[in-house]
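One structure is given below, encoded as structure tokens.
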Amino acid sequence: MLKRKFGWTGAEVPMIGMGTWMIEGDNRDRNRDTERRAVEALRLGLDLGLTHIDTAEMYGDGRAEELVAEAIDGRRDQVFLVSKVWPSNASYEGTLKACERSLKRLKTDWLDLYLLHWPSSSYPIRETMRAMEKLVADGMVTFIGVSNFDIEKLKAAERALSKQRIACNQVQYNLKYRGMEQRLLPYCTEQGIAVVGYSPFGHGNFPSSESPQAKVLTDIARRHGRTPRQVALNFLTRHPSTFTIPKAGRPEHVRENSGGVGDWKLTENDFAAIDRAFPAPRRDKPLEMI
Ligand code: NAP
């Protein structure tokens, strides 16, 4: 698995990692077999070099973190481990306590990266960032960041810090949702902030095989001896500041995703074909979020 520098931190992180939202199964499909398969999938991902694992206290009310702990047992040092505090817990004390609980569920002493999951309407960003700096000072967290922050909120988070810097902004990024390319990605690149794109397959909304968009991906995939999903992952990591974290509860999906980057590259013609099929938002057009 190819790695690249995680922004200014200099940490070498795989371009494709693994998400864990709903890894324990949804309400219909939540049982020990699903969980065992999810742990197996995560372990296979580590074997294949997908060593960036993204989780959160919110995922399965902490169950995802417990499953991650099972998967990384004995190999903590190989993993770039990320978790997140939920905004309603993001007071100064609340953030410290949330991190402690996550570390306990994850059976580890430290997180490589700790994020505020969404901007909080309950607590000022200064309070959360002060707690984040304390977590770094205490050695519980190596780097800190945010998620779902637009540029203005990101700047406010940067201003709220006195000793640390924001290392990452995690935002939605898939073929149908390319808003962050407009302003956020250039800003983050300038600041050396890594941009981690979540829901690379649209959280189950990948173009259906009958659609004209899927045909474009299939044609490109065929030329490279790859699959449409691998084409998507390659495209979503084409910019040097970006990373992607597909969630796959099935080992065969993890194996496929691990081939999204490697000794092959999309061409300029492929980029142009994807741009035509999945247009990026125009620069002068306001975006929903970013
Ligand atoms: P996603 O990765 O876009 O899609 C996951 C879905 O795609 C699952 O149903 C999975 O199936 C399927 N899949 C994965 N690989 C596949 C393959 N090769 N072939 C066919 N299907 C495949 O969705 P996501 O979970 O929303 O996003 C990924 C991660 O981003 C999350 O797990 C989470 O860690 C993070 N995230 C963060 C935020 C935030 O607010 N910061 C929000 C959303 C997500 P199986 O599970 O059956 O393999």
Distance between Cα centroids, segment 73-100 to segment 165-200: provide it in whole Å.
21
Unit Cα scatterers, Debye sum, segment 178-290: log10 I(q)/I(0) for q = 0.12, 0.16, 0.21 Å⁻¹:
-0.44, -0.80, -1.34
Could you work out the pair-distance distribution P(r) of segment 68-160 from its alpha-carbon pairs, with 5 angstrom bin width and percents rounded to whole numbers?
3, 15, 27, 24, 16, 9, 5, 1, 0
Got the relative contact order for the chain handy, in percent, Cα pairs under 8 Å and 6 or more residues apart?
21
Considering only DSSP beta bridges with both partners in the chain, what is the antiparallel share in %, to the nearest 5?
15
Extension gain (nm, one decimal) between Asp73 and Asp47, 0.36 nm per residue minus Cα-Cα
8.0 nm
How large is the Kirkwood hydrodynamic radius of the chain, counting all unique pairs of alpha carbons, in Å?
19.3
Express the accessible area of segment 11-144 per residue in Å², computed with a 1.4 Å probe while the remaining protein chains stay in the model.
42
Report the net charge of residues surrounding Glu127, where surrounding means a beta-carbon distance below 12 angstrom and charges are Lys +1, Arg +1, Asp -1, Glu -1.
+1
How large is the charge dipole for segment 159-221, taken about the Cα centre, if only the Cβ atoms of Lys, Arg (+1) and Asp, Glu (-1) carry charge, to the nearest 20 debye?
380
Before rounding to the nearest 500, sum -39500 (n - 2.57) across all DSSP H runs of length at least 4 in the chain and divide by the residue total; then give [θ] at 222 nm in deg cm²/dmol.
-12000 deg cm²/dmol
Lys and Arg at +1, Asp and Glu at -1: add these up for the other residues within a Cβ distance under 10 Å of Trp110 and post the number.
-2
Going through Lys104/Lys176; Lys5/Lys107; Lys107/Lys265 one by one, the pairs whose alpha carbons sit over 31 Å apart turn out to be Lys104/Lys176; Lys107/Lys265
Using just the Cα positions, wrap segment 163-235 in a convex hull and report its mean projected area in square nanometres, one decimal place.
5.9
As a percent rounded to 5, the proportion of antiparallel DSSP bridges among beta bridges in segment 68-208 is 5
Express the carbon and sulfur contribution to the solvent-accessible surface of segment 132-220 as a percent, rounded to the nearest whole number, probe 1.4 angstrom.
50
In square nanometres and to one decimal, what's the mean projected area of the convex hull around the Cα atoms of segment 19-86?
4.2
Please list, in order along segment 203-208, the HN-Hα scalar couplings obtained from phi with the Karplus expression 6.51 cos²θ - 1.76 cosθ + 1.60 (θ = phi - 60°), rounded to whole Hz, x for Gly and Pro.
6, x, 10, 6, x, 5
Rounded to two decimals, the Rg over Rh value of segment 1-131 from Cα coordinates and the Kirkwood Rh reads 0.98
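The values are calculated or read from the model by the stated rules, or taken from the named source; none is laboratory data. These numbers were taken from a predicted model, which means no experiment stands behind them. With ideal geometry, Cβ positions are generated from the backbone for all residues, glycine too; neighbour counts draw on all protein chains shown. When the accessible area is computed, the model is the full protein with side chains, heavy atoms only, and any ligands, DNA or RNA have been set aside. Shrake-Rupley method; radii C 1.70, N 1.55, O 1.52, S 1.80 Å.
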